[in-house]
Amino acid sequence: MTDIDQVIILFYLCSLIVLGLFLRRRASQSIQTYFLGGRRIPWWVLGISGTTSFLDMTGTMIIASFFYIVGVKGILVELRGGVALILAFLMVFMGKWYSRSKVMTTAEWMEFRFGSGKQGDAARLLNAVVNIVNTVAMVGYFFVGTGKFLSLFLPFSPRVCSLIMISVCLFYTAMSGLIGVVYTDLLQAVLIVFATVYVSIKAFLTIDAAKLQTIAPARWTDITPRWFVEMPSGYEIYHLSDFL
């Protein structure tokens, strides 16, 4: 990495911290403002934030590996999990339900939905257990992927790189609540769009398509879906037969 690269990374991390501190006063107006942004966050900002939340280093590395292994059709693996039907239901139904219920936490939603009796208590307990398991799994997922990626560019071990990123995220989240999370996602979305456009243009101008055809494996550029794709060692779990 050059000095300018290190400056950009440092500027990005500092920007997240400064933004969290800047939004702290607004988020501290009330507990509803801290957790829900006072229900005054523009819809398009929430939409961009939700989109950005589905982009992560680990997932990007997995998608890139599938492109390298099976070719262009590797994007179909991402469509299976990243562009799922559940997102449509969350947007069309769950968003309206949560908004109209006026609840602030999932525990309140469970009580609102199932009542305050035994059925409500059971729903809250089950939801708490599921959320804890999912959170631990996702933190481990991001911890490993973030560390491996950043350690390629920073002079630190994967564990230290992951701890740095998690510490920065925890700081601005604790300082500014949902408002900080949403607007830092907006900042990240701008950076992602810029980087995507830049890398795409750079790739189109640099890579010789004809030469790529000669060095790429057979059918690498074929995007036609296939029922079975031979996967290399370590990727056997992605065979459809293993799910049947």
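The values are calculated or read from the model by the stated rules, or taken from the named source; none is laboratory data. Here the structure is a predicted model, which is why all the values come from computation and not from measurement. When we count neighbours, we look across all protein chains shown, and the Cβ atoms used for this are built from the backbone with ideal geometry, even at glycine.
Any residue at all in the range 216-225 that's touching a Leu at 6+ places or on another chain (Cβ under 7 Å), among the β-branched types (Val, Ile, Thr) and surrounded by 10 or more Cβ atoms within 10 Å (Cβ to Cβ)? Steps first, please.
Of all residues in the range 216-225, those touching a Leu at 6+ places or on another chain (Cβ under 7 Å) come to 225.
Applying the additional criterion that residues be among the β-branched types (Val, Ile, Thr) yields none.
Checking the range 216-225: not a single residue is touching a Leu at 6+ places or on another chain (Cβ under 7 Å), among the β-branched types (Val, Ile, Thr) and surrounded by 10 or more Cβ atoms within 10 Å (Cβ to Cβ).
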Screening Ala210, Ala189, Ala218 for residues that are within 26 Å of the chain's Cα centre (by Cα) and either aliphatic (A, V, I, L, M) or at pLDDT 75 or above (or both) leaves only Ala189
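Each row is one residue, and each column tells you yes or no for (1) among the β-branched types (Val, Ile, Thr); (2) out of contact with any helix residue (DSSP H, G or I) (no Cβ under 8 Å at 6 or more places or on another chain); (3) assigned to a helix (DSSP H, G or I); (4) surrounded by fewer than 13 Cβ atoms within 10 Å (Cβ to Cβ).
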{"site": "Met104", "(1), (2), (3), (4)": "no, no, no, no"}
{"site": "Arg113", "(1), (2), (3), (4)": "no, no, yes, no"}
{"site": "Asn127", "(1), (2), (3), (4)": "no, no, yes, no"}
{"site": "Phe143", "(1), (2), (3), (4)": "no, no, yes, no"}
{"site": "Phe149", "(1), (2), (3), (4)": "no, no, yes, no"}
{"site": "Pro155", "(1), (2), (3), (4)": "no, yes, no, yes"}
{"site": "Leu163", "(1), (2), (3), (4)": "no, yes, yes, no"}
{"site": "Ile166", "(1), (2), (3), (4)": "yes, no, yes, no"}
{"site": "Phe171", "(1), (2), (3), (4)": "no, no, yes, no"}
Quick one: is Phe194 under 30 Å from Pro42 (Cβ atoms), exposed (fewer than 12 other Cβ atoms within 10 Å of the Cβ) and under 27 Å from the mean Cα position of the chain (by Cα)?
yes
Among the candidates Leu13, Leu36, which residue alone is surrounded by fewer than 18 Cβ atoms within 10 Å (Cβ to Cβ), within 21 Å of Ala174 (Cβ to Cβ) and of a type in the set (A, V, I, L, M)?
Leu13
Would you confirm, using the coordinates I've provided, whether Ile86 is over 22 Å from Leu170 (Cβ atoms), exposed (fewer than 11 other Cβ atoms within 10 Å of the Cβ) and at pLDDT below 85?
yes
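Which residue, of Val199, Val160, Val136, Val193, is within 30 Å of Met110 (Cβ to Cβ) and without any contact (Cβ under 8 Å) to a residue 40 or more places away in the chain? Write out each step before concluding.
Working: Val199 fails: within 30 Å of Met110 (Cβ to Cβ); Val160 fails: within 30 Å of Met110 (Cβ to Cβ); Val193 fails: within 30 Å of Met110 (Cβ to Cβ).
Going through Val199, Val160, Val136, Val193 in turn, the sole match is Val136.
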Report whether or not Val77 is in contact with a Ser or Thr (Cβ under 6 Å, 6 or more places away or on another chain) and among the β-branched types (Val, Ile, Thr).
no
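State yes or no: is Arg159 under 28 Å from Leu21 (Cβ atoms), among the charged types (D, E, K, R) and either in contact with a helix residue (DSSP H, G or I) (Cβ under 9 Å, 6 or more places away or on another chain) or not in a helix (DSSP H, G or I) (or both)?
Details: under 28 Å from Leu21 (Cβ atoms): yes; among the charged types (D, E, K, R): yes; either in contact with a helix residue (DSSP H, G or I) (Cβ under 9 Å, 6 or more places away or on another chain) or not in a helix (DSSP H, G or I) (or both): yes.
Against the criterion (under 28 Å from Leu21 (Cβ atoms), among the charged types (D, E, K, R) and either in contact with a helix residue (DSSP H, G or I) (Cβ under 9 Å, 6 or more places away or on another chain) or not in a helix (DSSP H, G or I) (or both)), Arg159 qualifies.
Can you confirm whether Arg100 is part of a helix (DSSP H, G or I), within 26 Å of Ile63 (Cβ to Cβ) and over 19 Å from the mean Cα position of the chain (by Cα)? It would help to see each step written out before you state the result.
Details: part of a helix (DSSP H, G or I): yes; within 26 Å of Ile63 (Cβ to Cβ): no; over 19 Å from the mean Cα position of the chain (by Cα): yes.
Judged against the criteria, Arg100 is not a match.
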